[in-house]
Amino acid sequence: MAVIPYKEETGSKKEQVATMFNNISKKYDFLNHFLSLGIDILWRKKAIRLLKDSQPKQILDIATGTGDFAIAALKLNPKKVIGIDISEGMLDVGKKKIKKKGLQDIIELKLGDSENLEFEDNTFDAYTVGFGVRNFENLEKGLTEMLRVLKPNGIAVILEFSKPKTFPIKQIYNLYFNKMLPAIGKLVSKDSSAYTYLPESVDAFPDGDKFIKILTEIGYKNPQSISLMFGIASIYKASK
């Protein structure tokens, strides 16, 4: 059974995730950086560096949210970055941020669904996803669609939470993720479900070797996993 944000409500996981991000969109950036102590910014920079050698000119940022990954991708000097998300609320915040930085000519944010991409086959040199794949309603379908729009030899970089397995990191992580983070998230965002859903969705996600296996079965070439911060997050890199 799929992990969903609002267990008492009807609607698909996709619909509920869109509603959840709409609800927390105005507080999302603050909470994201605060709850991770700003480490999420360093993780994105590390993920972007993995694309440096391939020098992608057309980049797709999936589940772009407020556009942080799309903005980080400008270090690669691309011609165009397109960010898509299913949450209008998150996109509105992102568009204001990008306009304020004067980046609207390079970065375009638009409403879009990772499982039904509007782009033609072989369109992008690279795609990025930051903390988004665990929210997909159908993980395999989303990964297949994203592979479809990659050019041959194009690179996929996926940043996602994972589950630490060593003592005492595992115990500290579980205490923080399952107790402290939901309490702070509820206090600031006023949406108690959103930050209860976060640890539940991470727990349900097939991380590490399981995710590598899924990428391989779908048809990605040379998938590899890079563990971050004792296994709190992972970067997955693969090619078409």
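When LYS179, LYS163 are checked against the criterion of being open to solvent by 30 Å² or more (accessible area, probe 1.4 Å), touching a helix residue (DSSP H, G or I) at 6+ places or on another chain (Cβ under 8 Å) and of a type outside the set (Phe, Trp, Tyr), a single residue qualifies: LYS163. Residue count for segment 213-225, restricted to those that are farther than 18 Å from LEU150 by Cα and either surrounded by 13 or more Cβ atoms within 10 Å (Cβ to Cβ) or among the acidic types (Asp, Glu) (or both): 1. Among the residues of this structure, PHE167 counts as one that is of a type outside the set (Val, Ile, Thr), over 20 Å from LYS13 (Cβ atoms) and at pLDDT 90 or above. I'd like to verify a number: residues in segment 55-72 that are in contact with a strand residue (DSSP E or B) (Cβ under 6 Å, 6 or more places away or on another chain) and under 15 Å from GLY102 (Cα atoms), how many? Residues that pass the stated criteria total 2. With respect to the stated conditions, PHE119 fails to be touching a helix residue (DSSP H, G or I) at 6+ places or on another chain (Cβ under 7 Å) and crowded, with 21+ Cβ neighbours inside 10 Å. Taking ILE106, is it open to solvent by 10 Å² or more (accessible area, probe 1.4 Å), modelled with pLDDT of 95 or more and within 14 Å of the chain's Cα centre (by Cα)? In short, no.
Hey, can you tell me all the residues within segment 35-54 that are touching a residue at least 40 places away in the same chain (Cβ under 8 Å) and within 13 Å of ALA156 (Cα to Cα)? Selection gives ALA47, ILE48, LEU50, LEU51, SER54.
Considering ASP203, ASP207, the condition of being within 29 Å of LEU50 (Cα to Cα), open to solvent by less than 40 Å² (accessible area, probe 1.4 Å), within 21 Å of the chain's Cα centre (by Cα) and at pLDDT 90 or above is satisfied by ASP207 alone.
Would you call PHE230 in contact with a Phe, Trp or Tyr (Cβ under 9 Å, 6 or more places away or on another chain), open to solvent by 50 Å² or more (accessible area, probe 1.4 Å), over 21 Å from ILE48 (Cβ atoms) and hydrophobic (A, V, I, L, M, F, W, C)? Taking the combined requirement at face value, the residue satisfies it. Filtered by the rule that a residue be surrounded by 18 or more Cβ atoms within 10 Å (Cβ to Cβ) and farther than 21 Å from ALA233 by Cβ, segment 14-40 gives LYS14, GLN16, ALA18, THR19, ASN23, SER25.
The values are calculated or read from the model by the stated rules, or taken from the named source; none is laboratory data. Fair warning: this is a prediction, and the values are worked out from it, not measured in the lab. Cβ sites come from the backbone with ideal geometry, for glycine too, and all protein chains shown count toward neighbours. In case anyone asks, the SASA skips ligands and DNA or RNA and just uses the protein heavy atoms, side chains included. Shrake-Rupley method; radii C 1.70, N 1.55, O 1.52, S 1.80 Å.
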